[in-house]
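Heads up: the structure comes next, in structure tokens.
The values are calculated or read from the model by the stated rules, or taken from the named source; none is laboratory data. Note that the structure is predicted; figures quoted are calculated from it, not measured. Every residue, glycine among them, receives a Cβ derived from its backbone with ideal geometry; neighbour counts consider all protein chains shown. The accessibility values were calculated without ligands, DNA or RNA, using every heavy atom of the protein model including side chains. Shrake-Rupley method; radii C 1.70, N 1.55, O 1.52, S 1.80 Å.
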Amino acid sequence: MALPDELNCIQNSLTGDHEAYATLVKEYQKMVYAVAWRMTGSLEDAEDLTQETFLRAFRQLESFRSESKFSTWLCRIAINLSLTWRDRERRRGAVHTQWAEDSITDGEGSGKHSDPLSRRVQGALDKLPAKQRAAIVLTVYEERSHAEAAKILNCTEATVSWRVFAARRKLKRLLKGVSRE
Amino acid sequence: MNDSDLTSLLKKARMPQPPDELWEELPGRVTQQLNRARHENIQPMRTSLPRWAWAMATALCVVLAFIAGHWHGQHAAEDTLASAKVVRETLAMFPNRVRAIVQDEHGLSLVLSENNDVPSSSPLYVHVCSGKQCGSVVTFSGQEIQVAGQKMTVLADGHDGVILVGNDFAWSSRDPAMAKNNLKIETKNLDIGKM
């Protein structure tokens, strides 16, 4: 359930108080950004998707039901936008396969952003089908239960469990031999 | 590698941190966009089209307004789209490019495809009221539209009937009672070839 202060912000946002909405943005921007980054592997796209998530959420704010958590509802929008992004990028032939290939062969760090282990893990995540990737992002990184993830992904809990199982199997294969140190 | 090891490995992968300025700027950027949208009264776009297509659509609105005015004596404003003649004339101007003709509280507008890739099929008339918000659309089977604040995919059922599939509702002209969210829906297969 949405927190009382949060509900006040939402109610005020619905009456056109953009500063109240800015409070919600500040509260959840890091969560949304993390989801977007894990889904896209791109800092620039994660930033764009984060902004787009909040804009879309504002447009759809009337449809938010206070029985559920605002973060869950927001996550759903972020995941849906990320999935649409991936479809669009695939059509352009610009999914970050080159980045993923570089991350597997490149033994050096990428400067300020990530170490080789992180790049390799993200490269493996990038090779997952979009919906399996979303299931892993939600259950591992966002630590959502399968039931919550199912609400976000608009599917059954059994489907989430299957996607997590399939994703883990593929990730184990891709990350075989990666040092855990 | 077992599941627990994999989870541990996945969590060890750090996310690159964006500059701190992003967290300070992002809320402001969002509210700036919202303020701009409110000031310009920008409506959510129904499709993603290049600017020139919108310019053409705007020009066509003028034409459609003339056509609507021409038929005013014979049809009430809200029935403009139910007129097969209006639809036929509009489609003839943009063969295989019209995704939808929309009539709502803002008047008539046209949604065009970038290419001539809209399949030829019978136009489908859809009128939706959600509370006090009403709108009409003429579109084709398979197109996704937004009317009266509701996003939905419109399908012909092959027997002159229409099916609407939204995010949280489904409706069929053969079973009008299906929609559960207080939407009032009216549809018609215009089948302008027969007119």
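Taking the range A:140-181, which residues are aliphatic (A, V, I, L, M) and under 17 Å from B:Asp5 (Cβ atoms)? Passing the criteria: A:Val140, A:Val164, A:Ala167, A:Leu171, A:Leu174, A:Leu175, A:Val178. For the range B:175-186, the set of residues classified as modelled with pLDDT of 70 or more and touching a Phe, Trp or Tyr at 6+ places or on another chain (Cβ under 6 Å) consists of B:Ile185 only. Identification of strands (runs of 3 or more DSSP E) wholly contained in the range B:63-174 with 2 or more residues that are modelled with pLDDT of 85 or more yields B:98-104, B:124-130, B:133-139, B:144-147, B:150-156, B:162-166, B:170-172. Of all residues in the range A:142-181, those being under 15 Å from the mean Cα position of the chain (by Cα), among the basic types (Lys, Arg) and open to solvent by less than 60 Å² (accessible area, probe 1.4 Å) number 1. A residue that is part of a helix (DSSP H, G or I), among the basic types (Lys, Arg) and farther than 25 Å from A:Val25 by Cα cannot be found anywhere in the range B:13-33. The residues of the range A:3-12 that are open to solvent by less than 80 Å² (accessible area, probe 1.4 Å) and either out of contact with any Leu (no Cβ under 6 Å at 6 or more places or on another chain) or of a type in the set (Phe, Trp, Tyr) (or both), listed by number, are A:Glu6, A:Leu7, A:Ile10, A:Asn12.
Residue check: A:Lys170 meets all listed conditions (1) of a type outside the set (A, V, I, L, M); (2) without any contact (Cβ under 8 Å) to a residue 40 or more places away in the chain; (3) more than 9 Å from chain B (Cβ to nearest Cβ) but one, namely (2).
If you check A:Arg119, A:Arg133, A:Arg88 for being open to solvent by 70 Å² or more (accessible area, probe 1.4 Å) and either modelled with pLDDT under 90 or out of contact with any His (no Cβ under 9 Å at 6 or more places or on another chain) (or both), only one passes: A:Arg88. Quick check on A:Thr139: is it open to solvent by less than 60 Å² (accessible area, probe 1.4 Å) and β-branched (Val, Ile, Thr)? When the stated conditions are applied, A:Thr139 passes them.
Only one of these conditions is not met by B:Thr139: (1) touching a Phe, Trp or Tyr at 6+ places or on another chain (Cβ under 7 Å); (2) among the hydroxyl-bearing types (Ser, Thr, Tyr); (3) open to solvent by less than 50 Å² (accessible area, probe 1.4 Å). Which number is it? In the conditions (1) touching a Phe, Trp or Tyr at 6+ places or on another chain (Cβ under 7 Å); (2) among the hydroxyl-bearing types (Ser, Thr, Tyr); (3) open to solvent by less than 50 Å² (accessible area, probe 1.4 Å), B:Thr139 misses (1) alone.
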